[in-house]
Amino acid sequence: QVQLVESGGGLVQTGGSLRLSCAASGSIFGINTMTWYRQAPGKERELVAGVSSGGTTHYVDSVKGRFAISRDNAKNTVYLQMNSLKPEDTAVYYCNANLRRFASDYWGQYWGQGTQVTVSS
């Protein structure tokens, strides 16, 4: 059973920082792209940042220069460093991993349970 567990969310004031972590565990043969999404109440889930297995990163325009995504392949863990947080960053943040459980497996999408990030003014 594959599990993705997020941690690091919390309540911060505008301008503060948080570091989110997401560790994948269980039956994992390999992980391709790892990404962070967020969803605010009443809004659609949006892609925030992603990092490929080779380290290539991408970000949604609204977080460029403020957020940084990274990964530790040995630990099957992805991180999201969030600086200069704004109230509009408030959302539940979910990590996603494109992975296969064994060599002949298809590449599937797996999601974490989410961690709440609240930025107060």
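The values are calculated or read from the model by the stated rules, or taken from the named source; none is laboratory data. Small disclaimer: the values here were computed from a predicted structure and weren't measured. Cβ atoms come from the backbone with ideal geometry, glycine included; neighbour counts cover every protein chain shown. Remember, those area values only see protein heavy atoms, side chains included, never the ligands or the DNA or RNA. Shrake-Rupley method; radii C 1.70, N 1.55, O 1.52, S 1.80 Å.
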>> Tell me the net charge near residue 22. Cut-off is 14 Å between Cβ atoms, residue 22 excluded, with +1 for each Lys or Arg and -1 for each Asp or Glu.
In response: +2
> What lysines sit close enough to residue 43 to cross-link, taking a C-alpha to C-alpha distance under 24 Å and skipping anything fewer than 8 places away on the same chain?
Replying inline: 64, 86
> Hey, any idea what % of the chain's accessible area is carbon plus sulfur with a 1.4 Å probe?
Replying inline: 47
>> Using the Cα centre of the chain as origin and beta-carbon charges of +1 (Lys, Arg) and -1 (Asp, Glu), tell me which of 15, 92, 57 is placed farthest towards the positive end of the dipole.
In response: 57
> What are the semi-axes of the equivalent ellipsoid for the range 1-89, taken as the square roots of 5 times the Cα gyration tensor eigenvalues, largest first, in whole Å?
Replying inline: 23, 14, 13
>> Can you give me the accessible area per residue for the chain, using a 1.4 Å probe, in Å²?
In response: 53
> Looking at the range 25-75, which trypsin sites (Lys or Arg not before Pro) are DSSP coil and have at most 16 other C-beta atoms within 10 Å of their C-beta?
Replying inline: 43, 45, 64, 66
>> Could you tell me the center-to-center distance, by alpha carbons, between the range 17-51 and the range 77-121 in angstrom?
In response: 2
